[in-house]
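Everything below concerns the one structure shown next.
The values are calculated or read from the model by the stated rules, or taken from the named source; none is laboratory data. Computed from a predicted model, the values in this text were never measured in an experiment. Cβ coordinates were reconstructed from backbone atoms using ideal geometry, including for glycine residues, and neighbour counts include every protein chain displayed. We work out accessible area using only protein heavy atoms, side chains counted, and drop any ligands, DNA or RNA first. Shrake-Rupley method; radii C 1.70, N 1.55, O 1.52, S 1.80 Å.
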Amino acid sequence: MATGKVMENPESRFSALLLGAARLPGVRVDREAYLRTALARHCSEYEVRTATAETPSAAGISLDVLDRVANESIRYETAKVSALSAAAGFPGALALPATVPADLAQYLGHMLRISQKLAYLYSWPNLFSDDGDELDDATKGVLTLFFGVMFGTQSANAAVGKVATAMSEQVIKKLPQKALTQGVVYPVVKRVAGYLGVEMTKQTFAKSVSKAIPVVGAAVSGTLTFATFRPMARRLKTHLSGLDLATPVSQVIPGEVVQDEASSAEEQVKVPRPGRDWRIVRRRQ
């Protein structure tokens with residue numbers, strides 16, 4: 001009886017689904033490997049090294065470049081999750097008890113994958129520990145908020161902004177545990193988890209209906225997944241790219257010499273000449 005009540009709780013339902021999806025093979029994205037591969041075609045070796053060692057923001061990579069890379073990742077994950085959803089729709093109604101839970105799990109798994117990729121591009125720290133343990137409370141909290149942003153909940157948008165501001169102001173390279181587990185953000189995490197639990201129930205029903213007819217269900221299921229996943233991923237991308245955490249920071253990198261035309265000859269002598277080359281990049285206020 002107690003177990004039944006727990007599963008009826010939308011918050012507990014979502015938490016169980018999230019933990020289950022996080023255990024699936026291939027769901028966890030290696031931050032350094034992903035950034036190195038994703039940025040290699042668009043950035044210099046210096047920028048790639050700095051982005052992996054620190055963040056794309058610290059590397060001074062423009063938001064235009066990051067947006068292009070983010071769109072490539074969204075297209076890839078959307079195509080993959082849609083194809084898998086279509087494949088799950090082929091057997092028809094007789095296989096629903098097995099295919100629907102599996103399809104929902106892989107759908108959440110791809111939501112986790114695109115959440116990680118977008119977070120790393122827009123300068124969030126590593127979300128998963130390297131030892132393969134269960135998700136800690138801070139990671140569950142921020143992923144819940146990311147999912148909330150994807151589903152369009154304004155409270156999740158505001159909470160993600162607060163977490164990003166805390167990290168930016170404190171110059172920390174990990175998630176703020178206290179803010180996500182005890183502070184003002186935590187109640188929002190719980191409310192968003194409850195909302196997502198209800199939404200997951202609705203999606204389970206929708207996927208059951210879409211897969212009821214063999215073969216035809218494959219096309220319907222794949223189309224439904226494509227129509228929901230891509231807009232949700234784009235919503236998260238838009239929100240993360242607009243945070244201060246993603247803005248390129250001040251830096252001095254190898255490049256062309258910039259001189260002030262109004263400066264005196266004596267002052268210009270102090271500026272490195274081409275060949276010693278340094279380029280001064282505008283600082284973020």
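Selection of the stretch 44-62 for residues being out of contact with any helix residue (DSSP H, G or I) (no Cβ under 6 Å at 6 or more places or on another chain) and assigned to a helix (DSSP H, G or I) yields 45, 46, 47, 49, 50, 53.
Per-residue answers, yes or no, for (1) over 15 Å from residue 241 (Cβ atoms); (2) touching a helix residue (DSSP H, G or I) at 6+ places or on another chain (Cβ under 7 Å); (3) of a type outside the set (Phe, Trp, Tyr):
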residue	(1), (2), (3)
12	yes, yes, yes
24	yes, yes, yes
33	yes, no, yes
66	no, yes, yes
73	no, yes, yes
81	yes, yes, yes
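Within the stretch 38-48, being under 20 Å from residue 77 (Cα atoms) and either surrounded by fewer than 16 Cβ atoms within 10 Å (Cβ to Cβ) or β-branched (Val, Ile, Thr) (or both) holds for 40, 41. Of all residues in the stretch 163-176, those being modelled with pLDDT of 80 or more, over 17 Å from the mean Cα position of the chain (by Cα) and loosely packed, with under 13 Cβ neighbours inside 10 Å number 0. Residues of the stretch 177-194 that are within 16 Å of residue 161 (Cβ to Cβ) and open to solvent by less than 40 Å² (accessible area, probe 1.4 Å): 179, 180, 183, 185, 188, 189, 192. Answer yes or no: is there a residue in the stretch 205-216 that is surrounded by 15 or more Cβ atoms within 10 Å (Cβ to Cβ) and at pLDDT 80 or above. No: the stretch 205-216 contains no residue that is surrounded by 15 or more Cβ atoms within 10 Å (Cβ to Cβ) and at pLDDT 80 or above. Among the criteria (1) open to solvent by 10 Å² or more (accessible area, probe 1.4 Å); (2) touching a helix residue (DSSP H, G or I) at 6+ places or on another chain (Cβ under 8 Å); (3) modelled with pLDDT of 90 or more, the one residue 160 does not fulfil is (1). Figure legend. Inter-residue proximity from the stretch 1-19: first residues of a type in the set (D, E, K, R), second residues open to solvent by 50 Å² or more (accessible area, probe 1.4 Å) and modelled with pLDDT under 85, beta-carbon distance below 9 Å, spacing 6+ or different chains. Indicated pairs: 13/6; 13/7; 13/201.
Taking into account only those residues within the stretch 49-58 that are surrounded by 14 or more Cβ atoms within 10 Å (Cβ to Cβ) and within 19 Å of the chain's Cα centre (by Cα), which is nearest to residue 173 (Cα to Cα)? Per the criteria, the residue is 55. If the condition is being open to solvent by 10 Å² or more (accessible area, probe 1.4 Å) and out of contact with any helix residue (DSSP H, G or I) (no Cβ under 6 Å at 6 or more places or on another chain), then the stretch 114-138 contributes 125, 128, 129, 130, 131, 132, 133, 134, 136.
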